[in-house]
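Here is the structure we will look at.
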Amino acid sequence: MRCALSAVPLRVVRAPLVALALLLGAAGVHAQDAPDALVKRVSEEVLQIVKTDPKVQAGDRDRIRDVIDSKLAPHFDFERMTSLAVGRAWRTATPEQQKQLTDQFRTLLSRTYSNAFVQYRDQQIVYKPLRIDAAASEATVRTEIVRSGGAPVQIDYSMAKKGSEWKAYDVIVGGVSLVTNYRDEFGQQVQAGGVDGLVKALTAKNAGPPPPPVK
Amino acid sequence: MTRIPLRVATLAAGVLLSGCAAVASKDDPFEPFNRAMYDVHQVVDGKVVKPIAQAYVDYTPKIIQRGVMNFFGNFDDVVSVFNDFLQGKLDKAGNDMGRVMINSFFGIGGLIDIASDAGIEKGNEDFGQTFGFWGIPQGPYVFVPVLGPTTVRDGTGLVVRAYASPLSYVITDVPVRNIFYAVGFVDARAQALQAESFVDQAALDRYTFIRRAYLQRREYLVRDGQPAPEKEEP
């Protein structure tokens, strides 16, 4: 019964979200890296920092933000992510609005992940083999986080080749696409207050205090 | 005399419907009602359930929390076995049955998840997924105070599960069983704490964020992780 009526919905939502945190953990970079090699290299690099950096372990937000900004962020195509999340309204937005949206969304993601970062020390990541041909410009890199006592959580990265580098434009955690999840949120704000309303909502969110870390 | 209640009902329905028109989310036709339930949930959960779960996390030894989680997880595996069979997934049924046997006998009645450590992956099938497997759509989204997000289909699955509760066959003494249910509930709520802090930080509107995450997750589980349909570029 407990699991029956109570637990299941909570758990169902928890698995993907919890894992969402680590996930951004995977997109990193040398220009020549194939997308799967890139994901693996950056993930391992970040995991190594999470496991060994005393400041990160102590929950030092500035240091964590620094790791995210320097190690993870360069491997994401935030503009494409934002355009996908905003949906139709993106085309009606001015270049200035598009830039504001992208900056604010990037900040939101970065803050979100720095808050959840420290909880993922003992993760083990399995990288699934990827088969794409050399000319491909789109790929989905699949990884899996193995946890004792729980079903493994799949984390997939939707990636596209931008110039000579692969960049991630969506992260799908346990079936929950980050971009899709924000599409409803953003659509709601745009409907209520237009593109400027969405910019305002994001800015306000980013200006608020981060919630206290969970033990 | 009967006119008045009828009018009230009509008015209420009108309010509900006009609310729906404004939001226009096809997955959530009862959004205004669900949001009201969500507000109720926030109050009850914030004042009662969450503090208990937080205290459980803060003051119970980690090894006990782990044991509790594994113990109830073992019953989840039993439910998975049932549903593997109902969906004709015999290999998964074998896998999950193996987990239950190993953990029940060698893992001290499920307190230790030896099977996972041995590399036998935990399955995750429930009645809602079985309905989905056989083509039944999720139906309207429903937010139930204290219990959380669900849909008509998945909620029905939860009711089926409540009646089929494997725990009730193992523990027949009702007061004792109720204590187990209570502990299991606190365990489940405790496990959601981290995800909750993530949602607090990530969401502009928690209600909307949780709804989409829940619906995406359930669809994915029904598909057993097969890729979702393509997303459209703007």
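Please check which bits of the range B:202-220 a label hung off B:T156 would reach, taking the label as a point 7 Å along Cα-to-C-beta and the cut-off as backbone N under 17 Å. Residues B:219 qualify, since their backbone N sits under 17 Å from the label point.
Computed 3J(HN,Hα) for the range B:70-83, one whole-Hz value per residue from the Karplus formula 6.51 cos²θ - 1.76 cosθ + 1.60 where θ = phi - 60°, is 5, 4, 6, x, 5, 6, 4, 5, 4, 4, 4, 4, 3, 6, glycine and proline marked x. The long axis of helix B:31-44 is offset from the longest Cα principal axis of chain B by roughly 50 degrees.
Around A:E44, what is the net charge, scoring Lys/Arg as +1 and Asp/Glu as -1 over all other residues with Cβ under 13 Å from its Cβ?
Working: positive: A:K40, A:R41, A:K51, A:K71; negative: A:D33, A:D36, A:E45.
Here the charged neighbours net out to +1.
On full extension, the segment bounded by B:W134 and B:D200 gains 20.2 nm, given 0.36 nm per residue less the C-alpha separation.
Give me the extension gain from A:K162 to A:D133: residue separation times 0.36 nm, minus the current Cα-Cα distance, reported in nm with one decimal. Don't skip to the end; give the middle numbers.
Details: separation 29, 0.36 × 29 = 10.44 nm, distance 1.62 nm.
Net length gain for the segment: 8.8 nm.
Once backbone amide H atoms are built at 1.01 Å from N, B:T151 has B:V142 as its partners under 5 Å, excluding neighbours fewer than 5 places away on the same chain. Straight-line cross-link reach from A:K128 at under 18 Å between alpha-carbon atoms covers these aspartates and glutamates, not counting any fewer than eight positions away in the same chain: A:D33, A:D36, A:E44, A:E45, A:E138, A:E144, A:D156, A:D170, B:E121, B:D224.
Past 24 Å, Cα to Cα, is the threshold; run A:K71/A:K200; A:K71/A:K167; A:K205/B:K26; A:K51/B:K62; A:K40/A:K167 against it and keep the listed order. Could the numbers behind the result be given before it?
Values: A:K71/A:K200 28 Å; A:K71/A:K167 13 Å; A:K205/B:K26 27 Å; A:K51/B:K62 20 Å; A:K40/A:K167 13 Å.
Going by Cα-Cα distance, A:K71/A:K200; A:K205/B:K26 fall outside the 24 Å limit.
Maximal additional length on extending the B:I120-B:K47 stretch stands at 22.4 nm, based on 0.36 nm per residue less the C-alpha distance. Whole-Hz Karplus values for the range B:190-205 come out as 4, 5, 8, 4, 5, 4, 5, 5, 5, 4, 4, 7, 7, 8, 7, 9 Hz, taken residue by residue from phi with 6.51 cos²θ - 1.76 cosθ + 1.60 and θ = phi - 60°; glycine and proline positions read x.
Projected label points at B:T172 and B:Q226, each 7 Å from Cα along the beta carbon direction, are separated by 4.4 nanometres.
Between B:D27 and B:I179, the simple spin-label model (points 7 angstrom out along Cα→Cβ) gives 4.1 nm. Centre-to-centre, using Cα atoms only, the range B:24-38 and the range B:125-159 are separated by 15 Å.
Only the coordinates and a few stated rules stand behind these numbers; no lab work does. The structure presented is a predicted model; accordingly, all values stated were derived computationally and were not measured. All Cβ positions, even for glycine, are placed from backbone atoms using ideal geometry, and neighbour counts span all protein chains on display.
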